[in-house]
Amino acid sequence: MKTLLLLLVVIGSPLAMSGTPIETLVPIDDVYVPSGFDTNDNSEIIVSGWLPNLCHKSPMTSVEIKDKTINIKVTALKYSASNPFCPEMIVPFLKSVSVGLLDKGDYKILVNDKTAYQKKSMLHVNESSSSAVDEHIYANVHYIEQDGYSRNVQLKGFNPSDCLELKEVKIVSNKSNTYSILPIMKKVRQFCPMKMMPFSYDVEVPKSLNKSKVLLHVRGMDGTSVNSIFDSSNY
């Protein structure tokens with residue numbers, strides 16, 4: 001009996017150690033900064049990166065804002081390579097980082113600063129033209145569907161009432177790597193009963209940015225966004 005218990009302890013110890021993760025920095029591909037945020041908006045920065053293998057799990061972000069500098073740290077939980085569930089496989093990720101309400105001006109963005117994975121960018125915040133939360137009502141977009149064969153994508157979701165109709169879709173470039181897509185709605189009557197209305201809006205991705213991969217940043221009705229990488233290298 002004692003021999004069996006000792007054997008279980010010897011076998012279980014490496015597995016217990018391999019099952020205890022540590023937080024570690026992860027590689028970053030790019031930083032995407034949508035245009036058009038003002039002092040009434042919850043500003044967002046989107047970061048793309050990759051996990052080196054399946055020993056890395058749960059990418060996460062933390063933010064520190066000091067004066068006009070935004071420091072973002074992107075980490076993941078790393079398990080020991082002796083863990084039997086860690087095959088070699090690169091796993092890409094896309095994380096939206098909320099930096100909240102900011103004063104007007106230009107902000108320096110530092111991601112994983114002073115490391116081998118550091119990236120830098122800039123964010124400009126405009127002065128709001130009114131005290132309203134937003135100038136427009138946006139569609140309640142749930143996801144972006146890409147067919148992989150053209151520059152056309154579909155914005156899909158559910159609006160909360162049939163009193164809202166699509167007015168127009170504006171596309172604003174940050175002149176670097178991001179298209180902000182604004183599906184602006186209009187109220188067609190005063191009475192707005194709650195009635196979930198599915199929609200699908202076709203959008204053609206512009207060609208003004210000289211990048212094979214760009215971010216599609218779609219503003220949503222609830223003040224958040226839906227984000228997706230668009231790869232135009234094949235067309």
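A compact table of results
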quantity	calculated
Tally of residues being within 21 Å of residue 48 (Cα to Cα) and of a type outside the set (D, E, K, R) across the stretch 110-140	11
Matching residues, the stretch 146-170, being open to solvent by less than 40 Å² (accessible area, probe 1.4 Å) and farther than 22 Å from residue 35 by Cα	150, 157, 159, 161, 163, 164
Close pairs (6 angstrom Cβ cut-off, 6 or more residues apart or separate chains): on the phi > 0 side of the Ramachandran plot in the stretch 106-122, surrounded by 12 or more Cβ atoms within 10 Å (Cβ to Cβ) anywhere	112/25; 112/28; 112/74; 112/118
Scope the stretch 199-235; condition among the aromatic types (Phe, Trp, Tyr) and closer than 16 Å to residue 168 by Cβ; matching residues	199, 201
Residue in the stretch 196-203 that is closer than 21 Å to residue 29 by Cα, open to solvent by less than 30 Å² (accessible area, probe 1.4 Å) and outside any loop (DSSP other than H, G, I, E, B) present	no
Hits in the stretch 83-112 - residues which are of a type outside the set (S, T, N, Q), outside any strand (DSSP E or B) and open to solvent by less than 50 Å² (accessible area, probe 1.4 Å)	86, 102
Among the candidates 173, 80, residue that is of a type in the set (Gly, Ala, Ser), more than 27 Å from residue 186 (Cα to Cα) and open to solvent by 30 Å² or more (accessible area, probe 1.4 Å)	80
Filter result for the condition that a residue is of a type in the set (Ser, Thr, Tyr), in a strand (DSSP E or B), open to solvent by 20 Å² or more (accessible area, probe 1.4 Å) and closer than 20 Å to residue 226 by Cβ, over 143, 179	143
Residues (open to solvent by 50 Å² or more (accessible area, probe 1.4 Å), in contact with a strand residue (DSSP E or B) (Cβ under 7 Å, 6 or more places away or on another chain) and hydroxyl-bearing (Ser, Thr, Tyr)) located in the stretch 113-140	117
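One line per residue, one yes/no per condition, for (1) in a strand (DSSP E or B); (2) hydroxyl-bearing (Ser, Thr, Tyr):
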residue	(1), (2)
24	yes, yes
34	no, no
45	yes, no
74	yes, no
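The values are calculated or read from the model by the stated rules, or taken from the named source; none is laboratory data. For clarity, every value in this text was computed on a predicted model and none was experimentally measured. Note: ideal-geometry Cβ built from the backbone for every residue, glycine included; neighbour counts use all protein chains shown. These area figures cover heavy atoms from the full protein model, side chains too; ligands, DNA and RNA do not enter into them. Shrake-Rupley method; radii C 1.70, N 1.55, O 1.52, S 1.80 Å.
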